[in-house]
Structure formats: structure tokens, C-alpha cells
Amino acid sequence: MQIRAAVLEEFAKPLAVQDVELDGPGPGEVLVRLAACGVCHTDLYTASGADPSGYAPTVLGHEGAGVVEEVGEGVTSVAPGDHVVTLFSPQCRECIHCVSDRTNICLAIREQQNKGYLPDGTTRLHRNGDEVRHFMGTSTFAEATVMPEIALAKVNPEALLDVICTLACGATTGIGAALYIAKVEPGSTCVVFGAGLVGLGAVAGARLAGADRIVAVDLSEDRLEHARAQGATETLVGGPDVVDQILEMTDGFGADYTFEATGLVAVMRQAVESARMGWGLCTIAGVAGKGEVLEVVPRYLITGRRIAGASFGGAKGRDRVPELVDTYMSGDLDLDSLVTRRVSLDEVNDAFEAMERQEGIRTVITY
């Protein structure tokens with residue numbers, strides 16, 4: 001079938017919105033007619049050429065939601081008509097990582113996915129007889145996509161697809177960092193560095209976990225206002241003195257939990273140094289630039305602070321994303337306010353430019 005898609009032809013160049021051919025699903029695969037896709041910093045990171053594992057040509061996009069149109073042989077967990085959220089972090093439920101509660105990083109299709117192929121080592125995307133690779137196993141900057149069954153979360157069909165697509169990456173990464181990685185305890189003090197979609201998700205997750213104090217740190221007053229709406233009890237404008245401010249607010253000890261959601265190594269260090277002496281946990285969800293290194297004074301670790309990473313917020317997607325959709329539907333999670341702009345696929349490059357200007361929270365492409 002012929003579809004419209006945004007293709008990364010060359011790094012550091014605008015995406016080319018064009019017609020490509022999409023083959024039908026093979027065994028264990030699903031054809032999804034996409035309804036919406038969030039424009040995430042990871043897409044921009046790859047398009048810029050900064051990602052050392054990037055490849056081209058490829059159809060970018062990974063924060064998608066849509067409706068199942070066709071299933072391949074052996075598919076049992078979804079059927080035509082089901083509403084789904086795409087998962088760049090799949091869940092096979094069988095590999096050594098999936099059966100462990102210590103990680104959400106599934107191993108089943110990781111090798112081929114990292115190369116831009118479906119599990120059988122081929123691609124369903126073509127153009128003029130040449131293959132076009134799948135980005136993060138998803139390629140959701142397109143009207144439709146073919147994905148492995150294990151990379152789709154079946155969700156409540158009443159949920160708005162152009163809102164819950166944020167749970168395909170950014171929102172879940174932040175929420176999960178608080179709920180599944182840090183496991184924030186009721187009554188605790190949390191500090192969140194960065195109030196973009198991931199950081200706002202962390203604020204919401206800390207609120208859902210029952211944190212007593214939630215301090216949001218950002219350079220933008222507009223984003224700090226969003227943080228207050230998500231449950232932040234206090235806000236700080238970021239800067240070189242922010243660690244001292246946090247220590248002063250916490251009787252010199254620091255916060256029980258800190259979260260970093262900017263991707264800036266200098267801010268990551270602030271998040272570590274703001275964590276409480278004795279038991280403070282710093283969870284890093286931001287993606288640093290190519291070749292950058294986080295410098296940590298060992299004394300901070302020796303005196304009890306810990307550092308954790310949060311890939312997709314530690315969420316096992318097929319299990320957790322439907323739960324988060326239900327939380328949204330119950331009114332306990334505000335995702336609607338996080339979608340601050342909706343655009344067409346033809347405006348994808350404009351969305352990238354708006355992201356670089358830090359306008360709004362999340363731009364969503366609707367089909």
C-alpha cells in the first residue's frame with residue numbers, strides 16, 4: 001500500500017514528506033493505521049546527526065497511537081479495530097529481562113530493531129525499489145506502520161488517540177521514573193529538573209505516589225506553571241545556585257528523590273548533588289549529547305546518594321501503558337494539557353523548529 005511518511009534522507013537536513021510503499025504484516029506483525037504521533041526530542045536528536053547509532057533513509061517517529069487494520073499469522077493479542085499505543089520499548093513477556101521485575105528492557109528483537117529492521121532482518125518500507133528502514137521499530141511519522149505484535153499496547157478505545165500517544169514515550173518516561181524506577185514513597189520530597197513532557201510526567205508520577213513536596217526546576221515560567229498544574233508544590237528558576245537553594249529548602253540534607261529530564265550533563269550533576277545525604281536517589285531520564293560525560297564527585301555517592309537511569313521510565317509497556325491510559329480516563333492524570341499544539345504531517349519540520357525554541361510542551365501530528 002502507498003502511504004505518506006516523513007523520511008530522514010540526510011542528517012541535519014529537513015525531513016522529506018513523500019509517498020512510500022508499505023508492505024503488509026508478516027508473521028507476528030501488525031499493520032496499524034495511525035491517528036496521531038507526538039514529536040519527541042529523540043526524533044530531532046537522530047535527525048540532527050548527533051545520535052551515533054542513527055541511520056538513513058528512515059521514517060522517523062515513535063510516539064504513536066492508532067487502530068489495528070490487519071494482523072499477520074500467529075498474532076493473538078490484538079485484532080483489527082483495536083486501539084493501540086506504539087512501543088519503541090517492546091515487551092515479549094518471555095525473555096530473561098521480561099520475566100524479571102528488575103528491568104523493562106526487552107531483549108527479544110533488540111538487535112534488529114537497533115539496525116532499523118523488523119525481527120526477521122527485513123523492512124516493510126520501500127521507495128522506488130529501495131528499502132527504507134524502521135526507526136526505533138516504530139516509524140510513526142507516517143499514515144500507517146507495520147510493527148511487531150510485542151511492541152503494541154492495547155488500550156481503552158474510548159481514550160483520545162491524539163492525547164494518549166504521549167504515553168508512547170515522553171509522559172510514560174517521566175511518570176514511570178517516579179513510579180517504577182524511583183518508587184517514590186508517600187510523604188517524601190522530590191525535585192524534578194526540567195519541565196518538558198518527561199519532567200512534567202515525573203511531577204505527575206510523584207503526585208500519584210503521594211509525595212508531600214514536589215519542587216520543579218526550569219528556566220521557563222510558562223513550563224513551571226504547567227508543573228504547578230501537574231502537582232508541583234514549589235517551583236524554582238534554574239541556574240548555578242539551584243543546588244544551594246534546594247539544600248536550604250531541605251534543612252541542608254537534599255531531596256529524597258531527584259529527577260533529571262533535560263539531557264544536560266551540568267543539570268544531571270545538579271540533580272545528583274541535590275539528592276539527600278544518606279539515601280537520596282537521583283533518576284536520570286534525559287538523553288545527553290554524543291560523547292558527553294557526567295562528572296560526579298565520589299563523596300556524594302560514598303555518603304549515600306545513588307544514581308539510576310530510566311529508559312521508558314522502567315515501564316513494561318504492554319502492561320503499564322494500558323494502566324496509565326485508565327488512570328487518564330479516570331481523571332487522575334492530566335494528559336490533555338500537555339498537548340499544546342496539533343499539526344499535519346506536512347508541518348513536521350516546523351514542529352522540530354518549535355521544539356528547538358522550546359515552545360509549548362508537546363506538538364502532536366494528527367492524520
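The values are calculated or read from the model by the stated rules, or taken from the named source; none is laboratory data. Note that the structure is a prediction, hence the values are computed from the model and not measured. Here Cβ is always computed from backbone atoms with ideal geometry, including for glycine, and neighbour counts include all displayed protein chains. Just so you know, the surface numbers come from the protein's heavy atoms only, side chains and all, with ligands and any DNA or RNA stripped out. Shrake-Rupley method; radii C 1.70, N 1.55, O 1.52, S 1.80 Å.
One line per residue, one yes/no per condition, for (1) over 30 Å from Asp336 (Cβ atoms); (2) assigned to a strand (DSSP E or B):
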site: Ala12; (1), (2): yes, no
site: Glu21; (1), (2): yes, yes
site: Leu31; (1), (2): no, yes
site: Leu44; (1), (2): no, no
site: Asp51; (1), (2): yes, no
site: Val75; (1), (2): yes, no
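Quick one: in region 113-168, which of the residues that are small (Gly, Ala, Ser) and touching a Phe, Trp or Tyr at 6+ places or on another chain (Cβ under 8 Å) is nearest to Asp51 (Cα to Cα)? Full working, then the answer.
Taking region 113-168 as the starting set, the residues that turn out to be small (Gly, Ala, Ser) are 116, 121, 129, 137, 139, 142, 144, 151, 153, 159, 168.
Of the ones still in play, those that are also touching a Phe, Trp or Tyr at 6+ places or on another chain (Cβ under 8 Å) are 116, 137, 151, 159, 168.
Values: Gly116: 14, Gly137: 16, Ala151: 22, Ala159: 33, Ala168: 20 Å.
The extreme case among them is Gly116.
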Exercise. Quick check: anything in region 96-110 assigned to a helix (DSSP H, G or I) and either among the hydroxyl-bearing types (Ser, Thr, Tyr) or at pLDDT 95 or above (or both)?
Worked result: yes
Exercise. Restricting attention to region 178-193, does a residue exist that is buried (at least 24 other Cβ atoms within 10 Å of the Cβ) and over 19 Å from Gly286 (Cα atoms)?
Worked result: yes
For this session: Run Leu22 past the list (1) without any contact (Cβ under 8 Å) to a residue 12 or more places away in the chain; (2) open to solvent by less than 10 Å² (accessible area, probe 1.4 Å) and report the number of the one that doesn't hold.
Result: (1)
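So that you can scan it fast, the table gives a plain yes or no per residue for (1) touching a Gly at 6+ places or on another chain (Cβ under 6 Å); (2) buried (at least 21 other Cβ atoms within 10 Å of the Cβ); (3) closer than 22 Å to Leu160 by Cα:
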site	(1), (2), (3)
Pro27	yes, no, no
Arg33	yes, no, yes
Asp51	no, no, no
Gly54	no, no, no
Val59	no, yes, no
Gly66	no, yes, yes
Thr76	no, no, no
Thr86	yes, yes, yes
Exercise. When residues of region 126-136 are filtered for being without any contact (Cβ under 8 Å) to a residue 60 or more places away in the chain and either under 15 Å from Ala47 (Cα atoms) or touching a Leu at 6+ places or on another chain (Cβ under 8 Å) (or both), how many remain?
Worked result: 1
Problem set entry | Single residue of Glu131, Glu94, Glu111 found to be within 17 Å of Arg318 (Cα to Cα) and among the acidic types (Asp, Glu) | Glu94
Exercise. List the pairs whose first member sits in region 213-241 and is farther than 14 Å from Gly360 by Cα and modelled with pLDDT of 95 or more, whose second member is of a type in the set (Ser, Thr, Tyr) and buried (at least 17 other Cβ atoms within 10 Å of the Cβ), and whose Cβ atoms are under 6 Å apart, counting only residues at least 6 apart or on separate chains?
Worked result: Arg213/Thr189; Arg213/Thr233; Ile214/Thr233; Ala216/Thr235
For this session: With a cut-off of at least 1 residues that are open to solvent by 20 Å² or more (accessible area, probe 1.4 Å) and without any contact (Cβ under 8 Å) to a residue 24 or more places away in the chain, name the strands (runs of 3 or more DSSP E) lying wholly within region 274-367.
Result: 339-343
Exercise. Only one of (1) within 20 Å of the chain's Cα centre (by Cα); (2) open to solvent by 50 Å² or more (accessible area, probe 1.4 Å) is not met by Gly263, so which one is it?
Worked result: (2)
Exercise. If you take the residues in region 113-154 that are among the small types (Gly, Ala, Ser) and outside any strand (DSSP E or B), which one is modelled with the lowest pLDDT?
Worked result: Gly129
Exercise. What's the number of the condition Phe253 fails, among (1) under 18 Å from Ala275 (Cα atoms); (2) in contact (Cβ under 8 Å) with a residue 40 or more places away in the chain?
Worked result: (2)
